[in-house]
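Worksheet: the structure to be examined is printed underneath.
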Amino acid sequence: MRGFGAKELLECYARGVFPMAEDRDDPRVFLLDPDERGVIALDQFHIPRSLAKTVRKDRFHVTVNRCFPIVVDHCAAPARGRENTWINDPIRNLYGELHERGHAHSLECWHEGELVGGLYGVSLGGAFFGESMFSRQTDASKVALVHLVARLKTGGYTLLDTQFITDHLQRFGAQTITRNAYHRLLRAALKEDGRFFAMPEGLSGRQLLQSITQTS
């Protein structure tokens, strides 16, 4: 990946391409533009009732960009049911550069001062490209996703790219679309000016859920 840095990676995202590795210990990186793409329609985001109760109870303290490199490391680490991951050292370095340039963000979930879940992704125009998430306690990554969607809707984003579809994401309304359909959504989203920090930190769970409803 010599000569391939943050600028080139952003150009890839603008073309609908994203990087992956075969294995966290494999130093090679390849670029993907799959035939089908996973997306979550922000105006159709579904929060399961049990999760909404967890959000209202403010079980987790959620922060933004508090410890981006640590979130990436947790996403790269093996976990039960996910013994192998695609985040290798070159990818870590690339997203670190994007974070320093203000294009990559993390959301962190804390419980009693311990980091127990989170996610990270890339912001470009009115599109947010979700990269990975991790959870050390039940619902931690799900709560991070709810906070992300509230932030994106408040900030005027129009596209949340999940890359691929999982059973976990389908519960929230994620759907698979064709490459051509995705590229159309992406072109439209890149014309927008998403404001990732339009929503302040520190909202209560009830306020957060209201913000999602009000911007639907």
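The values are calculated or read from the model by the stated rules, or taken from the named source; none is laboratory data. Everything numeric here is computed off the predicted structure, so don't read it as measured data. Note that we place each Cβ from the backbone using ideal geometry, even for glycine, and neighbour counts take in every protein chain shown. Just so you know, the surface numbers come from the protein's heavy atoms only, side chains and all, with ligands and any DNA or RNA stripped out. Shrake-Rupley method; radii C 1.70, N 1.55, O 1.52, S 1.80 Å.
Got a sec? Which of ARG206, ARG195 is surrounded by 14 or more Cβ atoms within 10 Å (Cβ to Cβ), touching a residue at least 24 places away in the same chain (Cβ under 8 Å), over 21 Å from GLN44 (Cβ atoms) and not small (Gly, Ala, Ser)? The conditions single out ARG195. On the given criteria, is PRO69 modelled with pLDDT under 95 and over 12 Å from the mean Cα position of the chain (by Cα)? Answer is no for this residue. Scanning the range 147-171 for residues being open to solvent by 10 Å² or more (accessible area, probe 1.4 Å), under 12 Å from LEU42 (Cα atoms) and assigned to a loop (DSSP other than H, G, I, E, B) gives a total of 3. Within the range 168-185, the residues that satisfy the criterion of being out of contact with any Asp or Glu (no Cβ under 8 Å at 6 or more places or on another chain) and either touching a residue at least 60 places away in the same chain (Cβ under 8 Å) or under 22 Å from GLU11 (Cβ atoms) (or both) are LEU169, ARG171, PHE172, GLY173, ALA174, GLN175, ASN180, ALA181, HIS183, ARG184, LEU185. Of the numbered criteria (1) closer than 25 Å to THR176 by Cβ; (2) open to solvent by 40 Å² or more (accessible area, probe 1.4 Å), the one GLY113 fails is (1).
Taken as a whole, the condition of being part of a helix (DSSP H, G or I), under 25 Å from ALA188 (Cα atoms) and of a type in the set (D, E, K, R) does not apply to LYS142. Residues of the range 5-20 that are part of a loop (DSSP other than H, G, I, E, B) and loosely packed, with under 15 Cβ neighbours inside 10 Å: GLY5, ARG15, VAL17.
Please work out which residue is farthest from ILE165 (Cα to Cα), limiting yourself to the range 28-57 and to residues that are assigned to a helix (DSSP H, G or I) and either touching a strand residue (DSSP E or B) at 6+ places or on another chain (Cβ under 8 Å) or of a type outside the set (A, V, I, L, M, F, W, C) (or both). Don't jump to the end; show me each part of the working.
First, pick out the residues of the range 28-57 that are assigned to a helix (DSSP H, G or I): 42-44, 49-56.
So of that shortlist, the ones also either touching a strand residue (DSSP E or B) at 6+ places or on another chain (Cβ under 8 Å) or of a type outside the set (A, V, I, L, M, F, W, C) (or both) come out as 42-44, 49-50, 53-54, 56.
On the way: LEU42: 15, ASP43: 18, GLN44: 16, ARG49: 21, SER50: 22, LYS53: 25, THR54: 24, ARG56: 27 Å.
Filtering first and then ranking leaves ARG56.
Condition check ((1) surrounded by 15 or more Cβ atoms within 10 Å (Cβ to Cβ); (2) touching a Gly at 6+ places or on another chain (Cβ under 8 Å); (3) in a loop (DSSP other than H, G, I, E, B); (4) of a type outside the set (A, V, I, L, M)) across all residues:
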site: GLU22; (1), (2), (3), (4): no, no, yes, yes
site: ASP26; (1), (2), (3), (4): no, no, yes, yes
site: ARG59; (1), (2), (3), (4): yes, no, yes, yes
site: PRO69; (1), (2), (3), (4): no, yes, no, yes
site: HIS74; (1), (2), (3), (4): yes, yes, no, yes
site: PRO90; (1), (2), (3), (4): yes, no, no, yes
site: CYS109; (1), (2), (3), (4): yes, yes, no, yes
site: GLY117; (1), (2), (3), (4): yes, no, no, yes
